[in-house]
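Notes follow once the structure below has been shown.
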Amino acid sequence: MLRTLVGVALLALPAGGARAGIGRAVRSSRVAAAPRVRVALAAEAVVAVAPAAVTAAAPVEAPAATPAKAKDGKGGGGGGGGKSSGAPGQPLVIGLSHHTAAVEVRERLAVKEAEWNNASKLLLQRCASVQEAAVLSTCNRFELHLVASDRNAAIHDVLQFLVERSGLNEPTLWQNLFMLSGEDAAWHLLRVSAGLDSLVVGEGQILSQVKACFGHATSSEGSAGKVLSRLLNVAVAAGKRVRSETSIAKGAVSISSAAAELAEMRSEEALGRPFEGASICIVGAGTMSRLLLTHLASKGMTAVRLLNRGLERSQELAAQFPDVAVSCEGMEALDDALRTCDAVFTSTGATHCIVTKEGLEAVMPAERRLMLVDISVPRNVELQCNELAGVSAYNVDDLKAVVAKNQASRRRSVLEAEALLASELDGFMAWQRTLDFVPVIGKLQANAEAIRAAELAKVGGKLSGLDAKQREAVERCTKSIINKILHSPMTYLRTGGGEQLTTREIVEGLFDL
């Protein structure tokens, strides 16, 4: 069951079917990915309002000062930084995705990968209640993975941060955000990494993005500490394990392949002709464009115009497709491509619309038909382009119809994947519970050492006849006795033992009796 956020009510709204989750055997009660989630303060009503006119999110500027860091090392034991705190915090995720928000809302919060760490640092500066932070921003989701001891305070602080960052008002954010804490937040990240929460179930790009999130957050410039570093590391390992031990990735489509499929499906409707033989232009030369070229080539495309700001990158991409005649051009050729091509795919890092209704109207010949497929977030194609006669414009939200048939065939693989994720989650939660015992273990060791030293001091006179080597042997022997006596209790505490046990069972467990 979803962990209750004190002061926060989570109301699930239907959108695309029930979520399946597996626990130690079957986590049937866990909230996973599909329903739309509305979050509201218990004392307030959510006001459902239409989103305001939307523009792309502003770039994140690096803050002037960096928050205090408490480095613990990398690779699951600690991260690049985060605020030091006496009490270990709990995982918390606040964000939105294709499940909960339309693209015009998602793009208001989108952050370029190069700015993830700057955004995390700024968040820690503005939100005193948050101890650790990492940003995961893709075309289909924006998520803040956090660690905080006081969930209510963190939610309040982060909401204000997002209001300032996005320009959206609070009611609109409440309507579109989802919030999960504790075990549910960890479970969500594992599902995301495994591709189970993706628009296209099983797609592989999200694992690379979670891995990038881990790399940035645990770098010297990152804002992850012990808990978040461990969780991100577990998520990456779990994503790899799911793909190697289940068939979830076999035959899976990607956003790019779904875009190619959509263009083929809608070609008769949008262009009045089959997609085969259509003149095609791709704007952008990144990973999504490379995948798009791959899938379009598999559908028989033999020639394409590739537009990008830098010709060097487009030429490198073109060299990977020797069987396709790729014409590499600069962005100044965009108007001509819109005027002459049948289908134009856009996938750039621009934070604004590069194809607008006004601009398109100025270059489009009369009686011409054009299909625009925009797989960028923030969007590259203005929604109002659809108002022009002969123009059919699609964005990432239109891909849902294409991938729906992919979901049903993958249900068994999803269940298998969630069973593996459940064991990974149990391991992380067991580790996190041991954090509460770290101060106790330290005190136990210090207390035992103080007793040992005091007892040796009492018999110091009797040991005066010992030489240096003999005294060293006594020191080693007494320390070894203490360590062996404490070994079982400390192991017991580190493994999270003692939950719901009787006093007798606790003592037996502590001393391995």
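The values are calculated or read from the model by the stated rules, or taken from the named source; none is laboratory data. Since the structure is predicted, the reported quantities are computational estimates derived from the model, not experimental observations. FYI the Cβ positions are ideal-geometry reconstructions off the backbone, even for glycines, and counts take in every protein chain you see. What goes into the accessible areas is simple: the full protein's heavy atoms, side chains included, and nothing from ligands, DNA or RNA. Shrake-Rupley method; radii C 1.70, N 1.55, O 1.52, S 1.80 Å.
General remarks:
- In the set 174, 116, only one residue is over 13 Å from the mean Cα position of the chain (by Cα), aromatic (Phe, Trp, Tyr) and buried (at least 19 other Cβ atoms within 10 Å of the Cβ); that residue is 174.
- Test result for residue 202, on the phi > 0 side of the Ramachandran plot, open to solvent by less than 20 Å² (accessible area, probe 1.4 Å) and small (Gly, Ala, Ser): yes
- Qualifying residue in segment 123-135 (condition: assigned to a helix (DSSP H, G or I), surrounded by fewer than 24 Cβ atoms within 10 Å (Cβ to Cβ) and either on the phi > 0 side of the Ramachandran plot or touching a helix residue (DSSP H, G or I) at 6+ places or on another chain (Cβ under 7 Å) (or both)): yes
- Residue match in segment 380-390 (condition: closer than 23 Å to residue 142 by Cα, β-branched (Val, Ile, Thr) and open to solvent by 20 Å² or more (accessible area, probe 1.4 Å)): no
- Residue check, residue 410 farther than 22 Å from residue 109 by Cβ, crowded, with 17+ Cβ neighbours inside 10 Å, of a type outside the set (Phe, Trp, Tyr) and within 27 Å of the chain's Cα centre (by Cα): yes
- Criterion violated by residue 113 - all others in (1) at pLDDT 90 or above; (2) in contact with a Leu (Cβ under 8 Å, 6 or more places away or on another chain) satisfied: (2)
- Tallying residues that are over 18 Å from residue 349 (Cα atoms) and polar (S, T, N, Q) within segment 106-122 yields 1.
- Test result for residue 237, modelled with pLDDT of 95 or more, out of contact with any Cys (no Cβ under 6 Å at 6 or more places or on another chain), open to solvent by 40 Å² or more (accessible area, probe 1.4 Å) and outside any loop (DSSP other than H, G, I, E, B): yes
- Residue list for segment 245-275, restricted to those being open to solvent by 50 Å² or more (accessible area, probe 1.4 Å) and over 24 Å from residue 414 (Cα atoms): 264, 265, 266, 268, 269, 273, 274
- In this structure, residue 447 qualifies as polar (S, T, N, Q) and open to solvent by 60 Å² or more (accessible area, probe 1.4 Å).
- Helices (runs of 4 or more DSSP H) (entirely within segment 404-511) containing at least 1 residues that are modelled with pLDDT under 90 and touching a strand residue (DSSP E or B) at 6+ places or on another chain (Cβ under 9 Å): 411-434
- Taken together, 334, 370 contain a single residue that is within 21 Å of residue 264 (Cβ to Cβ) and modelled with pLDDT of 95 or more, which is 370.
- Just one of the listed residues (230, 305, 313) is open to solvent by 60 Å² or more (accessible area, probe 1.4 Å), farther than 30 Å from residue 435 by Cα and either touching an Asp or Glu at 6+ places or on another chain (Cβ under 9 Å) or of a type outside the set (S, T, N, Q) (or both), and it is 313.
- In segment 214-236 there is no residue matching the filter, namely being closer than 19 Å to residue 98 by Cβ and free of Cβ contacts under 8 Å to residues at least 24 places away in the same chain.
Quick grid of which residues meet (1) in contact (Cβ under 8 Å) with a residue 60 or more places away in the chain; (2) touching a strand residue (DSSP E or B) at 6+ places or on another chain (Cβ under 8 Å); (3) not basic (Lys, Arg):
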| residue | (1), (2), (3) |
| --- | --- |
| 281 | yes, yes, yes |
| 285 | no, yes, yes |
| 296 | no, yes, yes |
| 304 | no, yes, yes |
| 312 | no, no, yes |
| 316 | no, no, yes |
| 324 | no, yes, yes |
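- Segment 216-227, residues that are under 13 Å from the mean Cα position of the chain (by Cα) and open to solvent by 40 Å² or more (accessible area, probe 1.4 Å): 216
- In segment 144-165, of all residues being buried (at least 23 other Cβ atoms within 10 Å of the Cβ) and in contact with a helix residue (DSSP H, G or I) (Cβ under 8 Å, 6 or more places away or on another chain), the one that is farthest from residue 230 (Cα to Cα) corresponds to 158.
- Extreme residue, nearest to residue 108 (Cα to Cα), among residues of segment 337-379 that are in a helix (DSSP H, G or I) and open to solvent by 50 Å² or more (accessible area, probe 1.4 Å): 357
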